[in-house]
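Notes to accompany the following structure.
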Amino acid sequence: MSEQKSFHMSPEEFRRQGHAVVDWIADYQSRVESFPVLSRVQPGEIRSQLPAAAPERGEGFEQILGDMERVVLPGITHWQSPNFYAYFPANASGPAILGDLLSAGLGVQGMLWSTSPACTEVETRVLDWLVPMLGLPEKFLSTGSGGGVIQDTASSASLCALLAARERTTGFASNRKGCDGRLVAYCSTQTHSSIEKAMKIAGMGSDNLRHIEVDENFAMRPEALARQIELDMKAGLVPCFVCATVGTTSSNAVDPVREIGRICRERKLWLHVDSAMSGTAALCPEFRFINDGVELADSYTFNPHKWMFTNFDCNVFYVAERKHLIETLSILPEYLRNQATESGAVIDYRDWHIQLGRRFRSLKLWFVIRHYGIEGLQHHIREHVRLAQEFAGWVRGDSRFELAAPAQLNLVCFRLRAGEHTNQDQANQDRANQALMERLNNSGDLYLTHTKLDGKVTLRFCVGQTNTQARHVERAWERIQEEAGRV
Ligand SMILES: *Cc1c(COP(=O)(O)O)cnc(C)c1O
């Protein structure tokens, strides 16, 4: 018999090419600083370098990997550059990348406990580890009535929280009959846009989301929240969900979770806490003030894929009463029936999120926590906060600039002042700040992004990239000062 033809990559070739890929990644890590942080390609430039149709015949792997260098790299904005200060970090690390590679190598689909028990049980254990690591309330532990689950993003986790709140409020009737349009949810004017999107997806309608006003520090005003809830109740509406943010995206404001929690308790509203980036800071006891009142929350979410050295995607979502979440999302078709599930002795995470299928994402998180240890994680988070605080001090000390919001952790919001250096006119001040940002970003030396606070263009300097050190932040401030003299 002749040997069957195969197009597959053999284990031996995989070993050889795999070594080459790991070498490529290691080289990338050592030269990432040499690239302009923000990609300079024009729209369509990358696509035009790819053939219009797929290859008829397979190509050599060397050729494929070569195109990473030639075609892909120019179109990369380098999130892993230590000079990346834009948006929020999406930092990665060696142990996380290797954990993700092993997850791909195993290729398991962990929708049910029985489809790979380790995929479920490592996740449950690691998420239980994180509760005391972050000083979160014990009710989020899987050993009690709560528990945690890894989701793709904070947006998905918040949507699940909203769905569970909707169902708890309506006695699980809206799941069957649809939403009656009277349910109302609350957030602040600074809340992440994912909550508004969740209202649309949940069928509750974005008009039924109330954006509560904030104080001078951009934190939600609890008395305004209480007032709005009363108004809505008088109007015959049904308040159901509040999202409090610990570390808003624009300015890192921390909503007063304890007071908001009291209001939610009195009126039986679901309290969800979104701490997507800043949650990681609570690894350090000195920053745990941000978690004040979280014990009043029904659910909580943060992203190890932002600031905890775990490459995208890896979101962590906790609930205090898992039965509400599971009853909201559980469906059991015949083809998924199995003994372990029927026994009730296992967790089937497919009931904890929107999609059915799931990757073995806890591997990378497990690797990160074991590689760094709590001590290593604390060390780097502390250092990021220290560098951001130092930067804030330099801004305060330069009369051309002003801080635009309190800088409590790793985000500094600042801008060129109106006045002698720019015209008094608001539009001119905005233009000057915009021009400063563009000059910096076009230089390739660093990358930062903007927001608007009190209607004014504000620059955001967010320290959290895995390899950002003092020399990078010092250089960034030098560059900011230089370019400020040119706008
Ligand atoms: C980044 C961020 C989000 C969105 O995170 P995803 O994981 O991309 O969905 C939500 N809320 C806050 C406060 C954020 O900072």
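Side notes on the structure shown:
- By the count of neighbouring beta-carbon atoms within 10 Å, fewest first, Tyr87, Tyr349 end up ordered Tyr87, Tyr349.
- Average Cα contact separation per residue, the chain, under 8 Å, 6 or more apart, as relative contact order %: 21 percent
- Given +1 at the Cβ of Lys and Arg, -1 at the Cβ of Asp and Glu and no other charges, the dipole of the chain around its Cα centre is 660 debye to the nearest 20.
- Among residues other than Pro256 with Cβ under 12 Å from its Cβ, the summed charge is -2 (Lys and Arg +1, Asp and Glu -1).
- Mean sequence separation of contacting Cα pairs (under 8 Å, at least six apart), scaled by the length of region 432-487, corresponds to a relative contact order of 38 percent.
- Packing-based ranking of 297-303, 93-99, 47-53 yields 297-303, 93-99, 47-53, ordered from highest to lowest mean Cβ neighbour count within 10 Å.
- Sites listed here are trypsin sites (Lys or Arg not before Pro) in region 56-131 whose DSSP assignment is loop and whose Cβ has at most 11 other Cβ atoms within 10 Å: Arg57.
- Considering only the chain, percent of DSSP beta bridges that pair antiparallel, nearest 5: 60 percent
- Per-residue Karplus couplings for region 344-358, computed as 6.51 cos²θ - 1.76 cosθ + 1.60 with θ equal to phi - 60°, are listed in order as x, 8, 10, 9, 10, 5, 4, 7, 10, 8, 6, 7, 8, x, 8 Hz, Gly and Pro entered as x.
- DSSP beta bridges confined to region 266-418 are antiparallel in about 70 percent of cases.
- Using a cutoff of 8 angstrom between alpha carbon atoms and counting only pairs six or more residues apart, the relative contact order for region 110-258 works out to 19 percent.
- Pairs of Lys residues in the chain that lie 8 or more places apart, or on two chains, and have C-alpha atoms under 19 angstrom apart add up to 6.
- Only Lys, Arg, Asp and Glu carry charge here, each on its Cβ (+1 for the first two, -1 for the last two); on that basis region 6-63 has a dipole of about 160 debye about its Cα centre.
- Lys/Arg +1, Asp/Glu -1 at C-beta; region 108-359 dipole; positive extreme among Leu336, Ser251, His305: Leu336
- Region 279-294 - phi-based ³J(HN,Hα) in whole Hz, Karplus 6.51/-1.76/1.60, Gly and Pro as x: x, 4, 4, 5, 4, 9, x, 5, 9, 6, 4, 5, 8, 4, x, 5
Read the figures in this text as sums done on the coordinates, not as results from a lab. Remember, it's a predicted structure, so these values are computed and weren't measured experimentally. Here Cβ is always computed from backbone atoms with ideal geometry, including for glycine, and neighbour counts include all displayed protein chains.
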